[in-house]
Every structure is written in structure tokens, then in C-alpha cells.
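Working notes, beginning with the structure itself.
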Amino acid sequence: MSAGTPPPSHDIPAGLLDALRQAGRVVFLTGSGVSAESGVPTFRDELTGLWARYSPEELATPEAFQRDPALVWGWYRERRRHVAAAQPNGAHHAIARLQARIPGAVLITQNVDGLHQRAGSREVIEFHGNLFRNRCRDCGHETVHSDPELEAPPACPRCGQRMGPGVVWFGEAIPPEALRMAWRHAMAAKVFFSIGTSGLVSPAAQLVELARGSGALIVEVNTAPTPLSACADYVLHGPAGVLLPLLAERFGA
């Protein structure tokens, strides 16, 4: 594209807007592509600089934390710094506006950065936890992570054991309540959006199948085709930070 040439125009299909106005129950599922538009490195992009010699599997497991809690805690402190410096983008704000206009709209996110809440979304099902919470793997107690520069894992105020980041690690189960709520909303959805996610990571990827099997209209928003593209009812290719504000505007949110 030459200098001065306007970017390709985007538009929202009229059929999608009609379906959205009639739906009542709408589910937004968001993945790392949404946060990446705010400059938040994806999970695997994070391993740069001092962390380049590690793989995510070496740092994001209960075994790694037990083996070297200082190493794992230091990596998550670095991740929190990245996220704290980021700002919600147009996609985050548009979803919050659409939720405010659609009484039955539910947001399920695979992201752990809290950017949806900072943009104004209030009802958020966090499938993989939150970077700004701590969780005790011994008793399950959770606390707000109030000091981003905390040098060492804090002791659990309930049982005294070491607390780790409040995220779901490799080998850990999705929080049961988040899983139950996500399943229930996916099965009840009339329109289901898959936004900025590859559609490959289970069990979140199964939510789309649940929604489709229950008769929901499936909408994919992504910068590139994914395995979901071939079976989605509507595929919007482009940045979520551009497409979702346009959708919200067309919808009147």
C-alpha cells in the first residue's frame, strides 16, 4: 500500500446487525489477539530478553513454581509491568458498550490482563484467571495483587503457604465456576462472537462448538483465517479494534 493510500474500508453485514438486534442472548469470547492490539505481548511472545532461554512450559506450571518460586514470580512481575503500561483499545471499549446495550450479553475472556474491566465491562468470566490476583495452590484462597513490584510470593493469609499468580497454569483445570458459567452461556447464546482467538485451545475452543450445536449464529473476528473461519456464519477479517467499534456504532451502542 503506497503512502497516503487509505486503508481498506470495513463494513458490517446488515444480516449480522439484524440478528444482533433480535438475539437477546449474546456471548463474546475474546483471546490474545484483542490484547495484542493494546501492545500486550502474547503468552509466547513474552519470552524475550532475560527470559529468552526459557519456554512457557518451564515457567507456567505448578512444578516450576515449586522448584524455583523466585524465577517464576519474577517472570510474572515482568508480565504485570507490561500489562500495567497498556491501555484498553477500541475492541475492549466497544464490547463494553455493546454489553451495556444488550441486556443478555456475556463476556468470556481467555485473557488475564483485566483490560476488559478497565474498559468498563462489569460481567466478565475470566477463563484463565487474572494476573492481578494471587492464588494459594494449597487451600484455593485468592487475594488482590496490590503491589506490582512485590519481590517475593506472599504468604497466604488463610493457611500460610506460598501464594502464586492467580492465573491458570499448564496442567491446571479451568476454575470450576468459570467453566460452568461459560458452558451455560454458550449453550444459551443466540449469537456467539469469537474474537482474536485461534479457536485451537481447549476447553475454550469447545465453547464455539457448544454454541453452534445449540443453534447460535457464529461470528468470527480475526486478522487472519482460523480453523473456525470455514464454519462461521459471518467472518470479519481485520483488527478487532477497528471492526468492533464499527459494529457498536452501526448497532447504536
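Observations on the structure shown:
- Failed criterion for M181 (all others in (1) in contact with a Ser or Thr (Cβ under 8 Å, 6 or more places away or on another chain); (2) within 28 Å of Q22 (Cα to Cα); (3) surrounded by fewer than 17 Cβ atoms within 10 Å (Cβ to Cβ); (4) not acidic (D, E) hold): (1)
- Residue match in region 55-78 (condition: over 13 Å from G164 (Cβ atoms) and either part of a loop (DSSP other than H, G, I, E, B) or in the same structural domain as F193 (by TED's automatic domain parsing) (or both)): yes
- Sole residue being surrounded by fewer than 20 Cβ atoms within 10 Å (Cβ to Cβ), in contact (Cβ under 8 Å) with a residue 60 or more places away in the chain and not charged (D, E, K, R), chosen from P157, P148: P148
- Meets criteria (over 27 Å from R212 (Cα atoms) and touching a residue at least 24 places away in the same chain (Cβ under 8 Å)) for E58: no
- Residue that is nearest to L16 (Cα to Cα) [pool: residues in region 184-222 that are surrounded by 15 or more Cβ atoms within 10 Å (Cβ to Cβ) and hydroxyl-bearing (S, T, Y)]: S194
- Being surrounded by 14 or more Cβ atoms within 10 Å (Cβ to Cβ), in the same structural domain as G199 (by TED's automatic domain parsing), within 12 Å of the chain's Cα centre (by Cα) and not in a loop (DSSP other than H, G, I, E, B) is a property that holds for L29.
- Just one of the listed residues (V208, V219, V201) is in a loop (DSSP other than H, G, I, E, B), aliphatic (A, V, I, L, M) and in contact (Cβ under 8 Å) with a residue 60 or more places away in the chain, and it is V201.
- Residue in region 106-119 that is surrounded by 14 or more Cβ atoms within 10 Å (Cβ to Cβ) and without any contact (Cβ under 8 Å) to a residue 12 or more places away in the chain present: yes
- The number of residues in region 146-184 that are under 24 Å from R79 (Cβ atoms), among the hydrophobic types (A, V, I, L, M, F, W, C) and part of a loop (DSSP other than H, G, I, E, B) comes to 8.
- Only one of A36, A70, A84 that is surrounded by 17 or more Cβ atoms within 10 Å (Cβ to Cβ), among the small types (G, A, S) and at pLDDT 90 or above: A36
The values are calculated or read from the model by the stated rules, or taken from the named source; none is laboratory data. What you are looking at is a predicted structure, and each value in this text was computed from that prediction instead of being measured. Glycine gets a Cβ as well: all are built from the backbone with ideal geometry, and neighbour counts include every protein chain shown.
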